[in-house]
1. Which ³J(HN,Hα) values in Hz, rounded to whole numbers, follow from the phi angles of the range B:318-328 under the Karplus curve 6.51 cos²θ - 1.76 cosθ + 1.60, where θ = phi - 60° and Gly and Pro get x?
2. In straight Cα distance, which lysines are under 22 Å from B:LYS144, not counting same-chain residues fewer than 8 positions off?
3. With the label 7 angstrom out along Cα to Cβ, how close does B:SER202 come to the same site in each of the other copies, in nm, nearest first?
4. With springs only between Cα atoms under 10 Å, which of B:ASN123, B:ASN267, B:ASN347 fluctuates most in a Gaussian network model of chain B?
5. Charges only on Cβ, +1 for Lys and Arg, -1 for Asp and Glu: so what's the dipole of the range A:222-333 about the Cα centre, in debye to the nearest 20?
6. Could you give me the radius of gyration and the Dmax of the range B:205-345, taking only the C-alpha atoms into account and expressing both in angstrom?
7. So if we plug the beta-carbon distance of B:ARG163 and B:ALA31 into 1/(1 + (r/R0)^6) with R0 = 25 Å, what FRET efficiency do we get, rounded to 0.05?
8. When Cβ neighbours within 10 Å are restricted to other protein chains, what is their mean count per residue of peptide A:114-122?
Number of protein chains: 2
Amino acid sequence: MADRVARWRAEGNDVVVVVSAMSGETNRLIALAEQCQAQPTGRELDVLLSTGEQVTTALLSMALHSRDCPAVSYTGGQVRVLTDSAHTKARIKNIDHERIQTDLGRGNVVVVAGFQGVDEHNNITTLGRGGSDTTAVALAAALKAQECQIYTDVDGVYTTDPRVVKGARRLTKITFEEMLEMASLGSKVLQIRAVEFAGKYSVPLRVLSSFDEGPGTLITLEDQSDVEAPVISGIAFTRDEAKLTVAGIPDTPGVAYRILGPISEANIEVDVIVQNVAEDNSTDLTFTVHRNDMARAAEILQNTAESLGATEVRSDDKIAKLSIVGVGMRSHAGVASKMFSALAQHNVNIQLITTSEIKISVVIDEKFLELAVRALHDAFELEQG
Amino acid sequence: MADRVARWRAEGNDVVVVVSAMSGETNRLIALAEQCQAQPTGRELDVLLSTGEQVTTALLSMALHSRDCPAVSYTGGQVRVLTDSAHTKARIKNIDHERIQTDLGRGNVVVVAGFQGVDEHNNITTLGRGGSDTTAVALAAALKAQECQIYTDVDGVYTTDPRVVKGARRLTKITFEEMLEMASLGSKVLQIRAVEFAGKYSVPLRVLSSFDEGPGTLITLEDQSDVEAPVISGIAFTRDEAKLTVAGIPDTPGVAYRILGPISEANIEVDVIVQNVAEDNSTDLTFTVHRNDMARAAEILQNTAESLGATEVRSDDKIAKLSIVGVGMRSHAGVASKMFSALAQHNVNIQLITTSEIKISVVIDEKFLELAVRALHDAFELEQG
């Protein structure tokens, strides 16, 4: 990493590096905390965990010095990264970049501890795990950087998971909106918050490998002039969800709320929601939750179903959700029918459908997932790009 | 430690705790640094090492919370402990104790990271190893604390090393001056700087064991009214020194400077210095240095001796230095003769003698050290107190 940073600077770039804790360090610190307090106090946990990144800033600066590359390290508080006071999940409110600008002007590489800040009373806060990406994007926005490069363990964003489709192709470019849909659907390359932040402040984001050279994938604002943009960019999927159905509910106003309210109160997150009215005026409501929450959700539904006079509660965790994502589908009719036809040709039965402007998702039987992903990758000619 | 702090507070005390890094942590961090840079940059080393104490503050606060004892942790920079910019060996310039006072007023135990501060540009500094004692004393002075308790691995200050004299007795009380003489002579209970600081600001200091209960030893200003004070308080000794002699030097002005100047320029610290003029007007100059420096010092002396026309350079590392310390000797004649007579009775030959107001030191053959310490412990009846 030091080699790469030193080279970047030698090529004439001003470089600010945001670092995470070393591998295993955060877990080591959490284990120490739990020895001292069963439920560690948020404020103190932040004081503890923020040391992980601080250690890395010092070590990287030393490694740069040993390569004759001038460098200076800062904690979040020193920068200063001002956050709200929500310990362990704070949000950045403002970044004072004056000191960093001065250091860059003096020819220094500036190494900043990610994942942390201070609130207005100078208490140490952390942004929650993975928050280093957010720090990097926020700093890039504040400094009006040309590009914010996120180094990960993959070399870019792919049209779909290469473990499922051999011909999956690394995308040169993807829009923020597409990236958000891809990320939230299981292609977990980047923290969603970092992508949202980058989109909001129009910071060009590049995903690169920490281990290999290569251009990675650039995440940008939609290029309106690019008429040759492909209709769809990628296929995302997840096996993490389970499906629940309440069937035969007398269709009266407020049914959806009466069913989903108790689920939400139990802090269970709901993803897809579909409701259909049958001819006899009864209705079925189906939704998906994380697989780990299925049993709990089903228990809650039993009570609700009885009070609503519903006929049945069904649950199924042998499902998968699969989505095609692309800003191109906005202006191209027939994307949905092409998707459904490709699935039909392979006898993949669709259990649920939901759509957004740049995404179509279907829930199918888990056993058909790989088949369906390959069929769609072919149908939309993603291998060719 | 948390049990003890919680109990102190439950008894109605306002408690500020200054913590060190956990055992082994500083060495672990230094090893990491040396992997990144052969001679780690001071500024970055401070950023790195200061995390050690920060971790402990968070963990102790959590442990207090789990005992229903309200507590809040601060780094040196948060307090704020203002130091000069001498990285890795900074000195405290000022302590802003307003925030701590506010927290104490709210009923909190305040846990402060020792060993660290920030300079006027908010760069993290450290006070050098063992500096946590100094932080504690400086804070106690700033807060006008009733007492500053230093928890160590011994339960107090003894009349001499209990491993050498079975009857060595823990002192209830000792003056700062005596403590300074004892500490610098090898009874390494406390950092000298912390004792100096405590003396300068009249902070009562108590040395206690981290592991056992007990009143420890109180270090205070000299109690002038205490006419019953013992003549001597303790016997300190060290085997860390070596003796060098330049013999047969023609006695001309400036000889001592011409001999010791080059030693000091080589950053070798000199302890005892004794010079005698013989009848033939030649002179011998003898001094002691740390044993590790003897070879280097002898080499330097060879050059000097030749240019001075001295007859010989001798060196000896089989020596020990032994001192009796006590403010009582100021007003009691005959302490020196009692010491010398006790040594003579046991046939211990004295090689060098130096004296200060509250201390008499002798250099003797190393092999007589234990015998001499026991003889003096008896002669001055230290066992009885």
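Nothing in this text is a laboratory measurement; each read-out follows from the coordinates by a stated rule. Just so it is clear, the structure is predicted and the values come from calculations on it, not from any experiment. Cβ atoms come from the backbone with ideal geometry, glycine included; neighbour counts cover every protein chain shown.
1. 9, 10, 9, 10, 9, 9, 9, 10, x, 5, x
2. B:LYS93, B:LYS173, B:LYS200
3. The answer, with the shortest distance listed first, is 6.7 nm.
4. Sorting by GNM fluctuation, first place goes to B:ASN267.
5. Details: 9 positive and 19 negative charges, 47 e Å.
Taking the Cα centre of the range A:222-333 as origin, the dipole is about 220 debye.
6. When restricted to the Cα atoms of the range B:205-345, Rg and Dmax are 20.2, 62 Å.
7. With a Förster radius of 25 Å, E is 0.20.
8. 1
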